[in-house]
Amino acid sequence: MPIKGVLPIVLQAKKDGFQGIILPKQNAEEAAIVEGIAVYPVEDLSDTCSFLLGIRQVAPLRIDVQEIFNQQVNGYEMDFSDVKGQENIKRALEIAAAGGHNVILIGPPGSGKTMLAKRIPSILPPLSMEESLETTKIHSVSGQLAATESLLTIRPFRSPHHTISDVALVGGGANPQPGEISLAHNGVLFLDELPEFKRSVLEVMRQPLESRSITISKAKITVDYPASFMLIAAMNPCPCGFYNHPSRNCTCGYINVQKYLSRISGPLLDRIDIHIEVTPVEFNELTTVRATEKSGSIRERVILARRIQEQRFKDLEHIHSNAQMRVRNIREYCLIDEIGKGLLKKAMDKLNLSSRAYDRILKVARTIADLDNSVAIKIEHLAEAIQYRSLDRENWTN
Ligand SMILES: Nc1ncnc2c1ncn2[C@@H]1O[C@H](COP(=O)(O)OP(=O)(O)OP(=O)(O)O)[C@@H](O)[C@H]1O
Ligand SMILES: [Mg+2]
């Protein structure tokens with residue numbers, strides 16, 4: 001019978017000096033990506049005995065990992081060119097992908113939030129072999145790899161339903177299994193209809209959002225699972241969905257709009273750098289045949305911006321992207337001149353931005369400058385970053 005978690009088992013066996021491993025044939029593909037240890041696939045116990053007694057030969061399964069990797073690494077089937085119009089939203093998502101920033105999309109039903117979110121993995125840099133192995137291990141432990149699948153080569157996109165339990169989201173159980181946040185490792189965790197999630201579920205996600213891993217303790221076992229993901233959340237602006245809509249009237253009333261937003265806790269919102277308001281595209285925009293940019297070319301710009309960040313943070317452990325900067329890194333790498341400070345101050349006053357918005361704006365401005373290949377954060381970078389703080393405005397519900 002096939003088992004769960006073959007990949008980490010084989011990796012450990014190799015580390016411990018074993019030269020071969022006998023496995024159920026359904027697990028062989030997954031195990032064979034480990035180089036330097038022979039994988040013998042068998043049908044059943046009698047097969048195993050004949051092999052051990054030398055009565056029957058079993059050829060070790062070999063696969064060329066590099067080849068699978070090269071073939072599949074660009075194979076994401078959804079593309080940003082499917083989305084008509086929404087150029088400003090695509091720009092915001094490009095910035096998010098470039099700096100690894102968490103995002104919340106706010107907009108009425110049918111405005112394309114889900115459609116946009118699903119395409120984010122197509123503009124993230126391709127998985128490196130190391131990332132691919134890390135993520136594959138987690139999927140192996142949770143038994144989610146198909147029998148024919150050996151290596152995950154595409155960034156995961158996980159979109160759990162809002163009825164999900166704490167354990168299913170962050171992991172746990174008697175024999176601690178990874179949750180959705182770990183299955184999304186090196187990819188995207190999409191929480192659609194964010195205010196509908198149970199408050200307790202959102203709360204347990206706060207700590208792993210900071211530490212990018214989760215520690216699960218159960219009885220005598222403690223397990224650490226990695227959980228480094230980009231959080232993309234989506235929500236309607238109010239219960240009826242039409243608050244701030246360009247052509248329809250919201251029927252909720254001030255109190256209800258505010259109540260709806262308050263279902264998401266401040267500390268969670270605090271971990272989301274970019275807020276984007278999505279308005280539906282006009283009908284004639286939807287029916288145009290104008291060519292739109294493909295994900296591949298957006299991704300090239302994202303990759304260049306990520307290179308700049310790798311260089312910037314090369315001496316810092318645990319920091320790879322602008323989104324991961326701590327306060328002291330922000331003070332070092334997000335310097336702005338007097339004119340910039342003036343603009344930021346004016347914006348904070350005029351838009352009634354909360355103080356927590358300040359550092360978020362600086363981080364996002366850093367990413368915008370990186371996309372522009374600019375060492376300095378210029379005034380236009382700051383001005384753009386200021387736009388991505390909708391929910392921080394005190395007058396959002398006013
Ligand atoms: N800009 C667009 N270009 C092409 N198709 C679009 C666009 N916007 C919306 N659509 C179409 O409308 C459908 C609904 O969009 P989607 O489900 O992403 O909306 P949503 O904002 O997630 O809505 P809800 O709040 O109801 O979840 C999409 O499947 C797509 O077919
Ligand atoms: Mg949706």
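Values quoted throughout were computed directly from the atomic coordinates according to the rules given, and no laboratory measurement underlies them. Just so you know, these numbers come straight off a predicted model, no measurement behind them. Glycine gets a Cβ as well: all are built from the backbone with ideal geometry, and neighbour counts include every protein chain shown.
Brief remarks on what is shown
- Taken one residue at a time, the phi angles of region 203-214 give Karplus couplings (6.51, -1.76, 1.60, θ = phi - 60°) of 5, 5, 7, 4, 5, x, 5, 7, 8, 6, 7, 9 Hz. Gly and Pro are set to x.
- Where both bridge residues fall in the chain, DSSP classifies roughly 30% of the beta bridges as antiparallel.
- Sorting Leu116, Leu335, Leu371 by the number of Cβ atoms found within 10 Å of their own Cβ, with the fewest placed first, yields Leu335, Leu371, Leu116.
- Of Ser81, Ser355, Ser142, the one that fluctuates the most in a GNM where the chain has Cα springs shorter than 10 Å: Ser355
- Taking region 70-286 and dividing mean pair separation by its residue count, relative contact order in percent (alpha carbons under 8 Å, at least six apart): 28
- Candidates Ser150, Ser297, Ser140: whichever shows maximal mean-square fluctuation once the chain is modelled as a Gaussian network with Cα springs under 10 Å: Ser297
- Once C-alpha pairs closer than 8 Å and six or more residues apart are averaged by separation and normalised to the residue number of the chain, the relative contact order reads 18 percent.
- Percent of alpha-carbon pairs separated by more than 15 Å within region 295-392: 61
- With coordinates expressed along the principal axes, the C-alpha atoms belonging to the chain extend over 82, 52, 45 Å, beginning with the largest.
- Where a label projected 7 Å from the Cα of Ser374 along Cα→Cβ would reach, residues of region 325-358 with amide N under 15 Å: 334-344
- Neighbourhood net charge (13 Å Cβ-Cβ; Lys/Arg +1, Asp/Glu -1) for Lys84: -3
- Largest GNM mean-square fluctuation across Gln177, Gln324, Gln12, computed for the chain with C-alpha springs under 10 Å, falls on Gln12.
- Spatial extent of region 217-297: Rg and Dmax, with the Cα atoms as the point set, Å: 19.6, 62
- Farthest toward the positive end of the dipole of the chain, out of Ile164, Thr114, Ser262, is the Cα of Ser262, where the dipole comes from beta carbon charges about the Cα centre.
- The chain, helix-only ellipticity at 222 nm - DSSP H runs n ≥ 4, -39,500 (n - 2.57), divided by all residues, nearest 500: -11500 deg cm²/dmol
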